[in-house]
Amino acid sequence: MSICIVIPSFNENENINLLLNEIYKIDLNDFDVVIIDDSKESFQHKIEYINDRIYYIHRGKKLGRGSAILHGISHMLDLNKDIKLFIEMDADMSHHPNELLRNIDFFKKKNLDLLISSRYQKKSKIINWPINRKILSYLSNKLSNWVLRVPISDYTNGYRIYSSSAAKFITTNCGKIGDGYIVLSEILIQLYYNKFTIGEIDTIFVNRVRGTSNVNFNEILKSISGLYKIWRIKLKLNRF
């Protein structure tokens with residue numbers, strides 16, 4: 001089964017080789033990696049694993065995490081590769097590749113279109129996050145659940161697996177209300193209310209050790225305003 005791992009990156013040159021090293025330890029067989037880098041300066045020359053199965057796209061300015069994911073998936077679809085699964089994960093090692101095989105197996109057994117690694121399952125853990133980040137994440141997910149009414153616990157974690165049909169759908173229908181983290185919720189609402197099958201699995205989320213988080217106050221404000229826009233989309237989708 002052909003798999004594509006899509007990694008959005010912004011100033012993650014300290015982490016990318018560590019992540020790729022862990023990915024290559026996993027027996028994934030047939031897989032590609034596409035890195036969407038929004039850093040000002042390209043770090044392609046620093047990547048130790050560049051080969052014909054790793055695609056590096058340098059956009060040169062911060063265009064948004066959600067935009068990066070959609071860009072990466074679209075790029076691979078345009079290459080007409082027979083990719084069955086798309087995996088989305090962060091570059092900062094908060095999403096560890098040692099969960100990949102288990103997640104893929106769960107995804108296939110449940111015949112899902114979207115699998116979310118949820119930080120709020122009973123067996124999940126969040127390690128080394130400051131208390132303010134924990135509170136902010138918890139409250140934002142509760143607010144999203146109250147507004148959007150999708151029966152999942154984690155709207156904002158970007159460790160996900162998509163079927164090829166879901167990947168094609170989101171590249172056509174998402175990215176219209178923003179370009180940052182709000183795209184995660186937009187994707188969720190579009191897939192759920194268009195009858196794609198969604199599931200969750202537990203995860204161990206570890207706060208980054210190297211580099212700085214890209215989440216800032218401006219991103220939070222954009223997400224709040226974006227949530228209202230998604231709610232309006234939900235009202236339209238829920239009529240049918």
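The values are calculated or read from the model by the stated rules, or taken from the named source; none is laboratory data. Keep in mind it's a predicted model, so treat the numbers as computed, not measured. Positions of Cβ are generated from backbone atoms using ideal geometry, with glycine treated the same way; all protein chains shown enter the neighbour counts.
Of the residues examined, Tyr56 is one that is within 27 Å of Phe169 (Cα to Cα), free of Cβ contacts under 8 Å to residues at least 60 places away in the same chain, over 16 Å from the mean Cα position of the chain (by Cα) and outside any helix (DSSP H, G or I). Among the listed residues Ile233, Ile198, which satisfies the condition of being more than 28 Å from Leu100 (Cα to Cα), touching a helix residue (DSSP H, G or I) at 6+ places or on another chain (Cβ under 7 Å) and either among the aliphatic types (A, V, I, L, M) or modelled with pLDDT of 95 or more (or both)? That would be Ile233, the only listed residue that is more than 28 Å from Leu100 (Cα to Cα), touching a helix residue (DSSP H, G or I) at 6+ places or on another chain (Cβ under 7 Å) and either among the aliphatic types (A, V, I, L, M) or modelled with pLDDT of 95 or more (or both).
The one condition from (1) loosely packed, with under 15 Cβ neighbours inside 10 Å; (2) free of Cβ contacts under 8 Å to residues at least 24 places away in the same chain; (3) farther than 26 Å from Ser74 by Cα that Ser137 does not meet is (1). The sole residue among Leu100, Leu20 that is in contact (Cβ under 8 Å) with a residue 40 or more places away in the chain and in a helix (DSSP H, G or I) is Leu100. The residues listed here are Ile26, Ile50; of these, the one that is more than 30 Å from Lys176 (Cβ to Cβ), more than 17 Å from the chain's Cα centre (by Cα) and without any contact (Cβ under 8 Å) to a residue 40 or more places away in the chain is Ile50.
Tell me yes or no: at least one residue of the range 162-169 is without any contact (Cβ under 8 Å) to a residue 60 or more places away in the chain, farther than 25 Å from Leu100 by Cβ and not aromatic (Phe, Trp, Tyr). Within the range 162-169, none of the residues are without any contact (Cβ under 8 Å) to a residue 60 or more places away in the chain, farther than 25 Å from Leu100 by Cβ and not aromatic (Phe, Trp, Tyr).
In the range 71-88, the residues that are under 15 Å from Tyr56 (Cα atoms) and at pLDDT 95 or above reach residues that are assigned to a strand (DSSP E or B) and of a type in the set (Asp, Glu) with C-beta atoms within less than 7 angstrom, at least six apart or across chains, in these pairs: Met76/Asp32. Kindly indicate whether Ser117 is assigned to a strand (DSSP E or B), under 22 Å from Thr197 (Cα atoms) and among the polar types (S, T, N, Q). Yes.
Yes/no matrix, rows are residues, columns are (1) surrounded by fewer than 23 Cβ atoms within 10 Å (Cβ to Cβ); (2) of a type outside the set (D, E, K, R):
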{"residue": "Ala68", "(1), (2)": "no, yes"}
{"residue": "Met76", "(1), (2)": "yes, yes"}
{"residue": "Asp105", "(1), (2)": "yes, no"}
{"residue": "Arg119", "(1), (2)": "no, no"}
{"residue": "Lys123", "(1), (2)": "yes, no"}
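On the stretch given as the range 120-148, residues that are in a loop (DSSP other than H, G, I, E, B), modelled with pLDDT of 90 or more and of a type outside the set (Phe, Trp, Tyr) total 5.
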